[in-house]
Amino acid sequence: MKNTKNESPKQVNLTIDGLQISVDEGTTILEAARQLNIHIPTLCYHEDLCVAGNCRVCIVEQEKVKSLPASCATPASEGMVIHTNSMKVRLARKHIVELLLSEHNADCTKCYKNGICELQGLASQMLTGDHMFLDLVPDHKYSIDMFNTAIIKDDSRCIRCQRCVRTCEELQGVSALGVAYRGNKMKISTFYEHPLFEVVCTNCGQCVNRCPTGALIERNYIDQVWDAIYDTTKHVVVQTAPAVRIALGEALGMPPGKIVTGKMVSALKRLGFDAVLDTDFTADLTIIEEGNELLTRLKKALLDKDPNVSLPMATSCSPGWIKFIEHTFPEFLGNLSTCKSPQQMFGALAKTYYCQKRKLDAKNVVSVSIMPCTAKKFEANRPEMRSSGYKDVDFVLTTRELGIMIKQAGLDFEALPEEHFDSIMGASTGAAVIFGTTGGVMEAALRTVYEVVTGREIPFEGLNVTIVRGSEGEVREATVKIEKTKPEWKFLDGVELKCVVANGLAHAKKVMQDVKDGKAHYHFIEIMACPGGCLGGGGQPIPTNKEIRTKRKQAIYEEDMGMPVRKSHENPDVEMIYKEFLGHPLGHKSHELLHTHYTPRKRY
């Protein structure tokens, strides 16, 4: 019989390495061992993914059983006696790792993942120096896909654990990667082995975050950025995204969830950037533009009864989500906000407004962004992103790449003083900070839109619009009732603004399919491509799991609460840029620099 909700799970008793433990029925041997603080090595296993049991590195010995079961895929059973470190297990594990190495390009010193490669770590632990198996690497015709501006796929370093395949299918619902062929010809491939940039890959980088080796990595631009810094004819401007400041510490040995904003600014100045500015500034600007765009669409729909207005309106900050909708739901491209992402708004303004203020020639300005996201690399290279007359953002570095640069410079990060962003496009609010987590863009927009329409703060304690604060792995629907509006917004009085927040592209697919099928009716949609939002982005420090992402999320809200200004429309620098340069929201200059369009793509 199945347990009811009021019944406790059935307990199973087993012994692992002489230690007795009781666990819930269905718990695997691996999970039980971890409860006892017994480490069993793994390669294909990942907490975010379904169990596969492909690599067999996690094998253990079970008394009275001849074979060695994979602990990640074997449920604990009553009376089980398990040995995780017997001679039989140690030899078998070592041979498994050696077999993997026999087909692996083990030129580790040239690998981007050198030092953080899980296979390399296991080989070191098991002292696999004298290989007993033939080196088969020369016999394989491995290929390297280097055509993408965001992600490099190197088959010579792949161990076929299929973490990437499961990530792309389960977490993201994209299935750009799959298993091709069988036996010794088996490989991880794309549709008809096309390059990643030609298929439905959204460049989200979740596969990179979970790949245990160097088979999938971001394309790094570290050397190009150093070259720009050392070039005395160039003025190098750097912007940093909200989710970088709560994760960078992890790449430099600090615990997850540590807010390092001031030390990050200090490090960037010591690296030699001429101006250290903040993407949060243009996140606030995005809210002003996007909020006005939403109100304009609502007016056309509710007051003007325009049948051609595109509602619901969806956010456009996440480049992984943008490429996903271009491939999967191109009929809804008109529903996207026309606002560029904060990164691209910043890039356009860096080579126009910033140059004007600093009396610089835009051709000598190099715009660099530090992002939690690999898809931002692709976004910066889109042909639409050159409204300044130049490439708006020249180079995108991930949080991981910035961590490498700081190490290269020999900086003691934890000993650095706290410093502030430079002026001109360096001021921001708490509303901008929460862009880094799922529900953050929606919440920031509601803080502003509600006040614009009613003249009052949104009626949530401490401006914390908790009803739209999504949790990882869920679709969150919320309704905000607009009451007692200003006279010019009377048509919105009594309107219940229907919102939905989703993170992870598998959930985005569900939301858009429900809208397409007429099962769901919204006014405003927020989609973040990555689990938990940008804080779980494909460029964040490795490892990643739900516990780590939860700590980052807590840090985001802590940073928001500590900001002196927490509403985008109260950012004095945003007010100044409209007065001095842009004119007014949705004006000619704004449309020219801050808005764009997107392109339908093939579905394969």
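Which condition number in (1) surrounded by fewer than 20 Cβ atoms within 10 Å (Cβ to Cβ); (2) assigned by TED's automatic domain parsing to the domain that holds ARG382; (3) in contact with a Phe, Trp or Tyr (Cβ under 8 Å, 6 or more places away or on another chain) is the one that PRO242 fails?
Exception for PRO242: condition (1).
Which of the residues that make up the range 225-254 are closer than 25 Å to CYS317 by Cβ and of a type outside the set (A, V, I, L, M, F, W, C)? Write out each step before concluding.
Initially, the range 225-254 is screened for residues closer than 25 Å to CYS317 by Cβ, giving 225, 236-251.
Correct list: GLN239, THR240, PRO242, ARG245, GLY249, GLU250.
Within the range 453-462, how many residues turn out to be surrounded by fewer than 23 Cβ atoms within 10 Å (Cβ to Cβ) and hydrophobic (A, V, I, L, M, F, W, C)?
Of the range 453-462, the ones surrounded by fewer than 23 Cβ atoms within 10 Å (Cβ to Cβ) are 454-462.
Now restrict to residues that are hydrophobic (A, V, I, L, M, F, W, C): 458, 460.
Summing the residues that are surrounded by fewer than 23 Cβ atoms within 10 Å (Cβ to Cβ) and hydrophobic (A, V, I, L, M, F, W, C) in the range 453-462 gives 2.
Looking only at residues that are within 16 Å of TYR45 (Cβ to Cβ) and of a type in the set (D, E, K, R) in the range 92-129, which one is farthest from the chain's Cα centre (by Cα)?
Only one residue tops the list, namely ARG93.
Go through (1) farther than 17 Å from VAL441 by Cα; (2) in the same structural domain as VAL368 (by TED's automatic domain parsing); (3) within 20 Å of the chain's Cα centre (by Cα); (4) in a helix (DSSP H, G or I) for LYS323 and report which single condition fails.
Every condition holds for LYS323 apart from (2).
Working carefully through the options GLU47, GLU98, find the one that is of a type in the set (Asp, Glu) and assigned to a loop (DSSP other than H, G, I, E, B). Before you say what the answer is, go through the steps one by one.
Details: GLU98 fails: assigned to a loop (DSSP other than H, G, I, E, B).
So the residue among GLU47, GLU98 that is of a type in the set (Asp, Glu) and assigned to a loop (DSSP other than H, G, I, E, B) is GLU47.
Is it the case that the range 264-276 has a residue that's among the charged types (D, E, K, R) and closer than 30 Å to CYS499 by Cα? Break it down stepwise before answering.
Within the range 264-276, the first condition is being among the charged types (D, E, K, R), and the residues that meet it are 269-270, 274.
Going one step further and asking which of them are closer than 30 Å to CYS499 by Cα, we end up with none.
No, the range 264-276 contains no residue that is among the charged types (D, E, K, R) and closer than 30 Å to CYS499 by Cα.
Among the residues of the range 9-19, is there at least one that is open to solvent by 50 Å² or more (accessible area, probe 1.4 Å), under 21 Å from THR213 (Cα atoms) and charged (D, E, K, R)? Break it down into steps so the answer makes sense when it comes.
First pass over the range 9-19, keeping only residues open to solvent by 50 Å² or more (accessible area, probe 1.4 Å): 9-11, 13, 17-19.
Cutting the leftovers down to under 21 Å from THR213 (Cα atoms) gives us none.
Looking through the range 9-19, none of the residues is open to solvent by 50 Å² or more (accessible area, probe 1.4 Å), under 21 Å from THR213 (Cα atoms) and charged (D, E, K, R).
Scan the range 385-404 for residues that are in contact with an Asp or Glu (Cβ under 7 Å, 6 or more places away or on another chain) and buried (at least 22 other Cβ atoms within 10 Å of the Cβ) and jot them down.
THR398
Checking the conditions here, which among GLN120, GLN172, GLN125 is under 30 Å from ARG603 (Cα atoms) and either open to solvent by less than 60 Å² (accessible area, probe 1.4 Å) or not assigned by TED's automatic domain parsing to the domain that holds LEU397 (or both)? Full working, then the answer.
Details: GLN120 fails: under 30 Å from ARG603 (Cα atoms); GLN125 fails: under 30 Å from ARG603 (Cα atoms).
Of the residues listed, the single one that is under 30 Å from ARG603 (Cα atoms) and either open to solvent by less than 60 Å² (accessible area, probe 1.4 Å) or not assigned by TED's automatic domain parsing to the domain that holds LEU397 (or both) is GLN172.
Considering (1) at pLDDT 95 or above; (2) of a type outside the set (A, V, I, L, M, F, W, C); (3) surrounded by fewer than 17 Cβ atoms within 10 Å (Cβ to Cβ); (4) within 27 Å of GLY532 (Cα to Cα), say which one TYR450 fails and leave the rest.
(3)
Scanning for something modelled with pLDDT of 95 or more, open to solvent by 70 Å² or more (accessible area, probe 1.4 Å), under 24 Å from TYR390 (Cβ atoms) and in the same structural domain as MET528 (by TED's automatic domain parsing), does the range 571-582 turn up at least one residue?
So the first thing to find is which residues in the range 571-582 are modelled with pLDDT of 95 or more, and the list is 571-582.
Now drop any that are not open to solvent by 70 Å² or more (accessible area, probe 1.4 Å), which leaves 572, 575, 579-580.
Still in the running and under 24 Å from TYR390 (Cβ atoms): 580.
Restricting the remaining residues to those that are in the same structural domain as MET528 (by TED's automatic domain parsing) gives 580.
Yes, there is a match, as at least one residue in the range 571-582 is modelled with pLDDT of 95 or more, open to solvent by 70 Å² or more (accessible area, probe 1.4 Å), under 24 Å from TYR390 (Cβ atoms) and in the same structural domain as MET528 (by TED's automatic domain parsing).
For the range 488-519, give me the residue count where each residue is farther than 25 Å from GLN172 by Cα and either open to solvent by 10 Å² or more (accessible area, probe 1.4 Å) or under 29 Å from the mean Cα position of the chain (by Cα) (or both).
Our first condition is that a residue be farther than 25 Å from GLN172 by Cα; within the range 488-519, this holds for 488-497.
So of that shortlist, the ones also either open to solvent by 10 Å² or more (accessible area, probe 1.4 Å) or under 29 Å from the mean Cα position of the chain (by Cα) (or both) come out as 488-491, 493-497.
Residues that pass the stated criteria total 9.
Considering only the range 442-489, state which residues are of a type in the set (Ser, Thr, Tyr) and not in a helix (DSSP H, G or I).
Within the range 442-489, the subset of a type in the set (Ser, Thr, Tyr) is 448, 450, 454, 466, 471, 479, 485.
SER471, THR479, THR485, listed by residue number.
Go through (1) open to solvent by 30 Å² or more (accessible area, probe 1.4 Å); (2) more than 30 Å from GLY403 (Cβ to Cβ); (3) of a type in the set (Lys, Arg); (4) within 37 Å of the chain's Cα centre (by Cα) one by one and return the number of the condition ARG34 breaks.
(2)
Do any residues in the range 295-323 that are under 15 Å from ILE525 (Cα atoms) have Cβ atoms under 8 Å from those of residues that are open to solvent by 10 Å² or more (accessible area, probe 1.4 Å) and acidic (Asp, Glu), where the two are at least six apart or on different chains, and which pairs are they?
Matching pairs, first to second residue: MET313/GLU293.
Kindly check whether there is at least one residue in the range 41-63 that is among the aliphatic types (A, V, I, L, M), over 25 Å from THR213 (Cα atoms) and either surrounded by 13 or more Cβ atoms within 10 Å (Cβ to Cβ) or in contact with a Gly (Cβ under 8 Å, 6 or more places away or on another chain) (or both). Break it down into steps so the answer makes sense when it comes.
Going residue by residue through the range 41-63, those that are among the aliphatic types (A, V, I, L, M) are 43, 49, 51-52, 57, 59-60.
Of the ones still in play, those that are also over 25 Å from THR213 (Cα atoms) are none.
Taking every residue of the range 41-63 in turn, none turns out to be among the aliphatic types (A, V, I, L, M), over 25 Å from THR213 (Cα atoms) and either surrounded by 13 or more Cβ atoms within 10 Å (Cβ to Cβ) or in contact with a Gly (Cβ under 8 Å, 6 or more places away or on another chain) (or both).
Suppose we filter the range 78-98 for residues that are in contact (Cβ under 8 Å) with a residue 40 or more places away in the chain and open to solvent by less than 50 Å² (accessible area, probe 1.4 Å); how many remain?
Start the filter on the range 78-98 by keeping residues that are in contact (Cβ under 8 Å) with a residue 40 or more places away in the chain, which leaves 78-85, 93, 96-97.
Now narrow it down to the ones that are open to solvent by less than 50 Å² (accessible area, probe 1.4 Å): 80-82, 84, 93, 96-97.
Of the residues in the range 78-98, 7 are in contact (Cβ under 8 Å) with a residue 40 or more places away in the chain and open to solvent by less than 50 Å² (accessible area, probe 1.4 Å).
Output the residues belonging to the range 405-434 that are surrounded by 16 or more Cβ atoms within 10 Å (Cβ to Cβ) and not in a loop (DSSP other than H, G, I, E, B). Talk me through it step by step, then tell me what you get.
First, the residues of the range 405-434 that are surrounded by 16 or more Cβ atoms within 10 Å (Cβ to Cβ): 405-406, 411, 413, 416, 419, 421-422, 424-434.
Answer for the range 405-434, where residues must be surrounded by 16 or more Cβ atoms within 10 Å (Cβ to Cβ) and not in a loop (DSSP other than H, G, I, E, B): MET405, ILE406, PHE413, GLY430, ALA431, ALA432, VAL433, ILE434.
Going through the range 332-351 one residue at a time, which ones are part of a helix (DSSP H, G or I) and over 15 Å from ALA508 (Cα atoms)?
Once the filter is applied, which keeps residues that are part of a helix (DSSP H, G or I) and over 15 Å from ALA508 (Cα atoms), the range 332-351 yields GLY334, PRO342, GLN343, GLN344, MET345, PHE346, GLY347, ALA348, LEU349, ALA350.
From the list THR42, THR74, pick out the single residue that is touching a residue at least 12 places away in the same chain (Cβ under 8 Å) and more than 30 Å from LEU136 (Cα to Cα). Spell out how you get there, then give the answer.
Working: THR42 fails: more than 30 Å from LEU136 (Cα to Cα).
The match here is THR74.
Taking ARG382 as the residue in question, decide whether it is free of Cβ contacts under 8 Å to residues at least 24 places away in the same chain and open to solvent by 20 Å² or more (accessible area, probe 1.4 Å).
Values: free of Cβ contacts under 8 Å to residues at least 24 places away in the same chain: yes; open to solvent by 20 Å² or more (accessible area, probe 1.4 Å): no.
Answer is no for this residue.
Tell me, yes or no, whether the range 549-571 has at least one residue that is among the small types (Gly, Ala, Ser) and touching a strand residue (DSSP E or B) at 6+ places or on another chain (Cβ under 9 Å). Working first, answer last.
Narrowing the range 549-571 to residues among the small types (Gly, Ala, Ser): 555, 562, 568.
Next, only the ones that are touching a strand residue (DSSP E or B) at 6+ places or on another chain (Cβ under 9 Å) stay: none.
No, there is no match, as no residue in the range 549-571 is among the small types (Gly, Ala, Ser) and touching a strand residue (DSSP E or B) at 6+ places or on another chain (Cβ under 9 Å).
Here are the criteria: (1) surrounded by fewer than 17 Cβ atoms within 10 Å (Cβ to Cβ); (2) among the polar types (S, T, N, Q); (3) within 24 Å of GLY183 (Cβ to Cβ). Tell me which single one ASN105 does not satisfy.
Among (1) surrounded by fewer than 17 Cβ atoms within 10 Å (Cβ to Cβ); (2) among the polar types (S, T, N, Q); (3) within 24 Å of GLY183 (Cβ to Cβ), ASN105 violates only (1).
Restricted to the range 135-153, and to residues that are open to solvent by 40 Å² or more (accessible area, probe 1.4 Å) and in contact with a Leu (Cβ under 9 Å, 6 or more places away or on another chain), which residue is farthest from ALA215 (Cα to Cα)?
ASP135
Quick check on GLY562: is it surrounded by fewer than 19 Cβ atoms within 10 Å (Cβ to Cβ), free of Cβ contacts under 8 Å to residues at least 60 places away in the same chain and not polar (S, T, N, Q)?
Values: surrounded by fewer than 19 Cβ atoms within 10 Å (Cβ to Cβ): yes; free of Cβ contacts under 8 Å to residues at least 60 places away in the same chain: no; not polar (S, T, N, Q): yes.
In short, no.
The values are calculated or read from the model by the stated rules, or taken from the named source; none is laboratory data. Treat the numbers as computed from the prediction; the structure is a model and nothing was measured. As a convention, Cβ positions derive from the backbone with ideal geometry for all residues, glycine included, and neighbour counts pool all protein chains shown. For the accessible areas, the whole protein counts, side chains as well, though only heavy atoms, and no ligand, DNA or RNA atoms are used. Shrake-Rupley method; radii C 1.70, N 1.55, O 1.52, S 1.80 Å.
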